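What follows is a set of notes on a single structure, which appears directly below.
The values are calculated or read from the model by the stated rules, or taken from the named source; none is laboratory data. None of these values were measured; they are calculated from a predicted model. Note that each Cβ is placed from the backbone with ideal geometry, even for glycine, and that neighbours are counted across all protein chains shown. Keep in mind that these areas ignore ligands, DNA and RNA; they rest on the heavy atoms of the full protein, side chains included. Shrake-Rupley method; radii C 1.70, N 1.55, O 1.52, S 1.80 Å.
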Amino acid sequence: MTSAEEYKEEWTKEKEKNVSWIFLMKYLILALVVMLLSQFVWYELVQPEVCPLNTYTSVRGEDKERRDHLANAQVVVIGGGPAGSVVAHKAASVGLKTVLIEAGDGSQRVLGGKDWLFRDRTVFDVPLAWSYVSQLPEFLWQVAAGDIARALGGSGVHNAMLYVRALPGDLERWNASTWTYDTLLKQYLALEDFQENVPESNDDTKEIFHANGGPVAVSRNIVQDLLAQKFLETVKIAEDAEVSMPILNDFNAPHRPRIGAGPYHFNIRDGVRESAAAVFLGGTISGYDPIPNLQIWSGLTVTKLILNEQRKITALHLSKNSNALFIPNKVRSIHMNLHPDVSIILTAGAVLTPHLLLASGIGPSDAIPKNKEHIVNAPHVGKNLQDHPVVAIEFAVQRALTADIADMFARFNHWTKLGVSLNSYSSAFSYPGFSLGAFIHSGIDPYPEPDLQLTLFPIQIEPHLAPDGKNSSASVHYDKALVTVALIRPETTYDVRIGPDGRPRFYSPIGLYNELNHRKPRLVQRDVDRLAIGVRRVRKIFAEKPLSDFIIQETRPGIAVQTHEQLAQW
């Protein structure tokens with residue numbers, strides 16, 4: 001055999017050996033994939049609703065530590081939105097061992113967020129980004145109720161940051177002896193850190209109604225857009241009583257009543273959103289000012305409250321899958337016991353708090369799903385849900401009216417396409433995209449305080465009122481302005497129920513129960529009438545000079561919708 005033939009034979013044997021190893025590795029990889037897939041099918045799809053922590057074949061240290069904390073907690077707060085942030089902070093600050101459980105994850109920088117817009121700010125920190133973040137699906141509960149935030153900070157990290165206080169008349173109608181306006185004003189002042197020096201008195205009435213040094217920033221807008229300027233000029237000089245209105249420099253002064261147009265106040269500090277969670281939880285999460293007695297668990301959803309025979313809550317079911325709240329039988333949950341003397345505080349919001357109670361068998365008998373045990377008859381759970389119905393009037397406008405805001409927003413729009421942190425930060429990002437509002441009276445409400453609120457958006461960034469129900473920075477129209485008309489004191493109420501898919505559904509008690517499409521709610525007639533009056537008032541204002549010089553035409557609802565009946569149908 002020649003040396004060439006020997007070499008070829010040796011090469012062939014080596015190749016066969018390598019091929020055998022490759023096949024073996026393929027089989028091993030395939031076996032590993034099958035094993036992992038079977039584990040997923042068992043844990044996520046097959047196994048029962050609850051797998052108690054102490055029956056796990058292997059208990060992770062993180063879960064064991066949480067079980068110990070929860071078993072010793074004196075206060076458990078469920079829901080890390082604005083209310084939950086304040087309650088958890090207060091409880092822990094007075095020495096109570098407190099656990100706050102939130103289904104969502106980090107949002108703002110001090111709340112553990114990671115969606116960086118700039119080197120020290122996430123997109124949730126940026127006032128101009130509020131309409132963008134309020135549409136991010138990974139930070140929303142997938143329910144038909146609108147944009148309910150699922151993030152640490154709740155809706156306080158994606159709302160428009162408006163700061164508008166209650167009026168004296170609001171509190172007087174509550175008829176609560178301890179909740180007087182004078183009492184509440186002291187609380188407002190203790191909380192407020194007004195971002196200007198407060199004089200000895202705030203106006204010629206010698207009243208003090210702003211303060212420095214509190215934990216929560218309140219600031220005026222850094223920009224007054226051209227639309228706001230022209231609106232104020234129009235209503236100030238108008239002779240028509242339906243167009244003219246007073247100019248108010250401070251909606252939060254105790255005006256009686258608050259009727260007029262003026263600039264809003266915002267919860268913004270040094271160009272950064274000042275949410276309740278950032279104020280009251282940020283120090284603990286970021287570590288710069290932790291509260292020793294406070295544990296904050298994010299990314300965990302409470303799916304059920306477990307009650308004993310005495311109807312006392314003794315345990316919780318928790319899951320790392322937020323959908324477990326809606327489909328608990330298909331998603332793994334963990335059973336965690338509670339301290340016998342624990343206080344449970346539900347702050348999961350106006351929709352998900354009653355949903356959790358109903359899912360736990362607490363509520364009216366006709367609202368508990370057939371596959372749930374009815375444990376506690378609580379007839380008021382889920383009843384009388386109220387929200388502020390809003391309609392929008394849209395105008396095609398001269399680009400000159402919106403050019404100042406369009407330039408500001410264009411840079412942020414560019415970031416949404418790049419998806420990488422910016423090298424520099426524009427002061428314009430500190431502007432939330434609008435600055436002006438107005439409070440007016442419909443004339444048919446029995447109380448003297450305003451019942452309608454107008455808000456002017458120089459560009460179409462109001463996320464709840466986009467024509468297709470969706471919005472993004474990429475779809476913003478710079479040649480259209482938007483005015484929203486919101487009902488402050490609605491009479492329409494809804495009931496929260498659990499739908500066939502396990503998610504919240506909303507029913508109107510107007511006549512028969514009707515499933516509520518959240519974009520076209522059914523309203524009582526007085527609510528419809530008041531909104532129609534607000535739309536007609538906006539139309540009159542925009543038809544007057546100097547504002548009318550910038551208006552091309554009304555595009556929504558449009559000139560074809562004129563009569564009261566047509567507006568009501570719209």
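Scan segment 541-570 residue by residue and report those that are among the aromatic types (Phe, Trp, Tyr) and either in a strand (DSSP E or B) or more than 28 Å from residue 237 (Cβ to Cβ) (or both). Before you say what the answer is, go through the steps one by one.
To start, the set of residues in segment 541-570 that are among the aromatic types (Phe, Trp, Tyr) comprises 542, 550, 570.
The one that is among the aromatic types (Phe, Trp, Tyr) and either in a strand (DSSP E or B) or more than 28 Å from residue 237 (Cβ to Cβ) (or both): 570.
When you check residue 109 against the structure, is it within 21 Å of residue 300 (Cβ to Cβ), crowded, with 19+ Cβ neighbours inside 10 Å, among the basic types (Lys, Arg) and at pLDDT 90 or above, yes or no? No. Scan segment 292-340 for residues that are β-branched (Val, Ile, Thr) and either part of a loop (DSSP other than H, G, I, E, B) or open to solvent by 20 Å² or more (accessible area, probe 1.4 Å) (or both) and the total you get is 6. I'd like the residue in segment 159-178 that is open to solvent by less than 40 Å² (accessible area, probe 1.4 Å) and in contact (Cβ under 8 Å) with a residue 40 or more places away in the chain and, out of all such residues, is farthest from residue 389 (Cα to Cα). Filtering segment 159-178 for residues that are open to solvent by less than 40 Å² (accessible area, probe 1.4 Å) and in contact (Cβ under 8 Å) with a residue 40 or more places away in the chain, the one farthest from residue 389 (Cα to Cα) comes out as 168.
Mind checking whether some residue in segment 137-146 is assigned to a helix (DSSP H, G or I), touching a Ser or Thr at 6+ places or on another chain (Cβ under 6 Å) and either at pLDDT 85 or above or buried (at least 18 other Cβ atoms within 10 Å of the Cβ) (or both)? Full working, then the answer.
Filtering segment 137-146 for residues assigned to a helix (DSSP H, G or I) gives 137-139.
Applying the additional criterion that residues be touching a Ser or Thr at 6+ places or on another chain (Cβ under 6 Å) yields none.
No, the conditions are met nowhere in segment 137-146.
Scanning segment 545-570 for residues being surrounded by 18 or more Cβ atoms within 10 Å (Cβ to Cβ) and touching a Ser or Thr at 6+ places or on another chain (Cβ under 8 Å) gives a total of 1.
Could you tell me which residue of segment 343-384 is least open to solvent (accessible area, probe 1.4 Å), considering only residues that are farther than 24 Å from residue 70 by Cβ and touching an Asp or Glu at 6+ places or on another chain (Cβ under 7 Å)? The extreme case among them is 382. In segment 271-287, of all residues being touching a residue at least 12 places away in the same chain (Cβ under 8 Å) and surrounded by fewer than 19 Cβ atoms within 10 Å (Cβ to Cβ), the one that is farthest from residue 209 (Cα to Cα) corresponds to 286.
Taken over segment 524-538, the criterion of being closer than 14 Å to residue 570 by Cβ and either in contact with a helix residue (DSSP H, G or I) (Cβ under 9 Å, 6 or more places away or on another chain) or open to solvent by 10 Å² or more (accessible area, probe 1.4 Å) (or both) is satisfied by 528, 529, 531, 532, 533, 535, 536.
Counted as qualifying within segment 69-129 are the strands (runs of 3 or more DSSP E) with 3 or more residues that are aliphatic (A, V, I, L, M) and closer than 15 Å to residue 284 by Cβ, namely 98-102.
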